[in-house]
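Q: Provided herewith is a single structure, encoded as structure tokens, for subsequent inquiry.
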Amino acid sequence: MKKIIPFILILSFCIPVFAQEKTLDFYINEGIQNSPVFKDYNNQKLSNLIDSMRILAGYKPQVSGQSSNSYAPSYNGWGYDYAITNGVNFAQQIVATQKLVSKENLANQHEAIRLLNESITISGKITEQDLKKSITAQYISAFGSGQQFQFNKEVLDLLKKEEAILKKMTESGIYRQTDYLSYLVTLQQQELLISQYNIQYQNEVAALNYLCGIRDTATVHLRKPEMQIAVLPEAENSVFYQQFVVDSMKLKNSEALVAFNYKPKVNLYADGGYLSSFAEQPYKNFGVSAGVTISVPIYDGKQRKMQVDKIAISEQTRQGYRDFFKKQYEQNIAKLFQQLHSTQKIIDDANNQIRYTEILIEANRKLLESGDVRMPDYILAIGNHLTAKNIVTQNNINQLQIINEINYWNRK
């Protein structure tokens, strides 16, 4: 048993621990699920549905119980006029009222609720696009840090292999001690750079988890995001333009609502109960009554025109923002595609340079083994290779970020 336990411990340390591999889709789905904003939008729609039901309920018969009781004493002619007060008034009634409203007026009020829900739906789509864009941008940034770490680690492994050869050749007197020390400095700088990229990668992943509402500190491996340039709709067909359309419909609805508010209003009422002044045979004062009230607007100081003018001003403002959006949309898309083209050119040029640096490094490596290369030249070749490789990696990340910016506008 004493022999088995150490063997198990040694075996457990020999088993490699693989980091979890996660994708961009995983983080987007988690971010959408964990975000309270979408639940808020859904609750707003449910609340508006209740408001719609309240509108219908408000035009059903309204029944209430009313109690009105008064006593106005008089003495020797002093007191309220008895002809007005009757001395005593005692009323216990059940009153029912019914508003009369046209189908057009009722439909207009329901349309206002529907447009409000439509506006919330559009806001939800835009918010989802914003969240996807933010998560994707952070994912790309974290992936880029991981790529930088991985590439520089491969270079470090190469330098360590060469260091063993150089050390032997220095001990044999083929290379000077200063050459070996210069090489060691380059190797140590590479180790520091890897540590820096490792910390940066962990911080980027932590920021990604924070953005998506994920509580996780485990080491993860991010798979390369598969991103293609989406086919973009015309500005008028994008979800961002739909908000202007809905706003226009809401303004027309508000103007119709103003018109309905200035139409005659008719209310029916009926009551029943006990109403008495106790002046004569109070036990017979049980009864009912019914009636109708009509309200016709005649003059309100031109307030209706003022309300219509305010709506017209709002429409002008809406048109200004709509036209500006269309210009900005086209200009922004053109700018992004131009940036994408420029970035690709930098990548192509840097890849050409990498091919030359790889050939130069390989040639210097062969000369290193025979002791025929100057150490500063070899270190310079490695530095040039690192610089070119980092340029490619950075611009590949920039390219993914630009595609993310372009795809943001593809939502219909």
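The values are calculated or read from the model by the stated rules, or taken from the named source; none is laboratory data. On a predicted model such as this, the values are computed, not experimentally measured, just so you know. All Cβ positions, glycine included, derive from the backbone under ideal geometry; neighbour counts span all protein chains shown.
Q: So if I check each of TYR139, TYR180, which one is more than 30 Å from LYS250 (Cβ to Cβ), within 31 Å of the chain's Cα centre (by Cα) and hydroxyl-bearing (Ser, Thr, Tyr)?
A: So the residue among TYR139, TYR180 that is more than 30 Å from LYS250 (Cβ to Cβ), within 31 Å of the chain's Cα centre (by Cα) and hydroxyl-bearing (Ser, Thr, Tyr) is TYR139.
Q: Continuing with the same structure: Please tell me if GLN394 is in a helix (DSSP H, G or I) and under 30 Å from ASP130 (Cα atoms).
A: So GLN394 passes the test.
Q: Which of the residues spanning region 268-301 are of a type in the set (Gly, Ala, Ser), part of a strand (DSSP E or B) and out of contact with any Pro (no Cβ under 8 Å at 6 or more places or on another chain)?
A: ALA270, GLY272, GLY273, GLY287, SER289, ALA290, GLY291, listed by residue number.
Q: Something else: Are there any pairs with C-beta distances below 6 angstrom linking a residue in region 87-104 that is touching a residue at least 60 places away in the same chain (Cβ under 8 Å) and surrounded by 13 or more Cβ atoms within 10 Å (Cβ to Cβ) to a residue that is aromatic (Phe, Trp, Tyr) and outside any helix (DSSP H, G or I), with the two at least 6 apart or on different chains, and if so which?
A: VAL88/TYR71; VAL88/PHE278; GLN92/TYR274; THR97/TYR269; LYS99/TYR59
Q: Right, next: Condition first: in contact with a Lys or Arg (Cβ under 9 Å, 6 or more places away or on another chain) and touching a residue at least 40 places away in the same chain (Cβ under 8 Å). Can you find one or more residues in region 287-297 that meet it?
A: Checked against the condition, which is being in contact with a Lys or Arg (Cβ under 9 Å, 6 or more places away or on another chain) and touching a residue at least 40 places away in the same chain (Cβ under 8 Å), region 287-297 yields no hits at all.
Q: Another question, then. Just to be sure before I move on: is GLN66 over 21 Å from ALA259 (Cα atoms) and either in contact (Cβ under 8 Å) with a residue 12 or more places away in the chain or in contact with a Gly (Cβ under 9 Å, 6 or more places away or on another chain) (or both) in the structure I sent?
A: In short, yes.
Q: Something else about it: Among the candidates ALA363, ALA381, ALA350, which residue alone is in contact with a Leu (Cβ under 7 Å, 6 or more places away or on another chain), assigned to a helix (DSSP H, G or I) and not aromatic (Phe, Trp, Tyr)?
A: Testing whether each residue is in contact with a Leu (Cβ under 7 Å, 6 or more places away or on another chain), assigned to a helix (DSSP H, G or I) and not aromatic (Phe, Trp, Tyr) leaves just ALA381.
Q: Would you mind stating whether TYR201 is aromatic (Phe, Trp, Tyr) and loosely packed, with under 13 Cβ neighbours inside 10 Å?
A: No; evaluated as a whole, the condition is false for this residue.
Q: Of everything in region 119-161, what is surrounded by fewer than 17 Cβ atoms within 10 Å (Cβ to Cβ) and among the acidic types (Asp, Glu)? Give them in sequence order.
A: Scanning region 119-161 gives ASP130, GLU154, ASP157.
Q: I've got another one for you. GLN303 is checked against (1) of a type outside the set (Phe, Trp, Tyr); (2) over 18 Å from GLU236 (Cα atoms); (3) surrounded by fewer than 12 Cβ atoms within 10 Å (Cβ to Cβ); (4) modelled with pLDDT under 95 and fails just one. What number does that condition carry?
A: For GLN303, the failing item is (3).
Q: Starting from residues that are closer than 24 Å to PHE149 by Cα and loosely packed, with under 15 Cβ neighbours inside 10 Å, keep the ones in region 224-236 and report whichever is nearest to the chain's Cα centre (by Cα).
A: Step by step, filter region 224-236, then rank; the result is GLU226.
Q: Looking only at region 302-347, count every residue that is over 30 Å from ASN398 (Cα atoms), part of a helix (DSSP H, G or I) and not hydrophobic (A, V, I, L, M, F, W, C) and tell me the total.
A: Selection size over region 302-347: 16.
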